[in-house]
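Heads up, the thing below is written out as structure tokens.
Each value in this text was obtained by applying a stated rule to the coordinates, not by laboratory testing. No experiment lies behind these values; they were computed from the predicted model shown. So basically every Cβ, Gly included, is an ideal-geometry build from the backbone, and we count neighbours across all protein chains shown.
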Amino acid sequence: MKTILIIEKETDFRALYMEGFKEDAYRIILVKCDEEALKIVEENVPDLIISDYQTPPTTSYLTMLLKANQITSVPLIIHTSYTFDLMDFTLALYATKVEYLEKSSDLNRLKNKMREMLD
């Protein structure tokens with residue numbers, strides 16, 4: 001079973017993810033911030049990471065990539081309503097696979113991208 005780590009600061013979206021993925025054949029780990037995610041990654045590197053762009057108390061998953069360079073081979077979906085500048089894009093290149101999706105309560109596009117990245 002593939003493990004998906006989801007980093008999401010918003011309570012409503014965490015609940016949406018939990019409900020939306022309960023029928024899927026993935027082990028879902030939901031955390032609120034990068035620091036919680038780093039603890040998870042130290043124990044067991046996930047198969048895919050989905051992150052909002054900004055997750056307190058650190059600035060973003062991109063910061064997490066730089067802190068934990070052992071996870072740069074893990075595919076990443078940045079699921080966010082924020083826009084990105086050139087620096088963010090450059091940092092994201094540290095990851096093997098990075099996709100950006102506009103955040104939506106309709107999880108179909110996200111699920112399709114997850115399947116694509118896990119294959």
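Packing order of peptides 104-115, 27-38, highest average first: 27-38, 104-115 (average count of other Cβ atoms within 10 Å over each peptide's residues). Which of the lysines could be linked to Lys97 by a straight reach, that is with a Cα gap under 18 Å, when you skip same-chain ones fewer than 8 residues away? The qualifying lysines are Lys2, Lys67, Lys111, Lys113. Taking θ as phi - 60° and the Karplus parameters 6.51, -1.76 and 1.60, the scalar couplings of the range 10-23 work out to 7, 4, 4, 6, 4, 5, 4, 4, 4, 5, x, 9, 5, 8 Hz in sequence order, x denoting glycine and proline.
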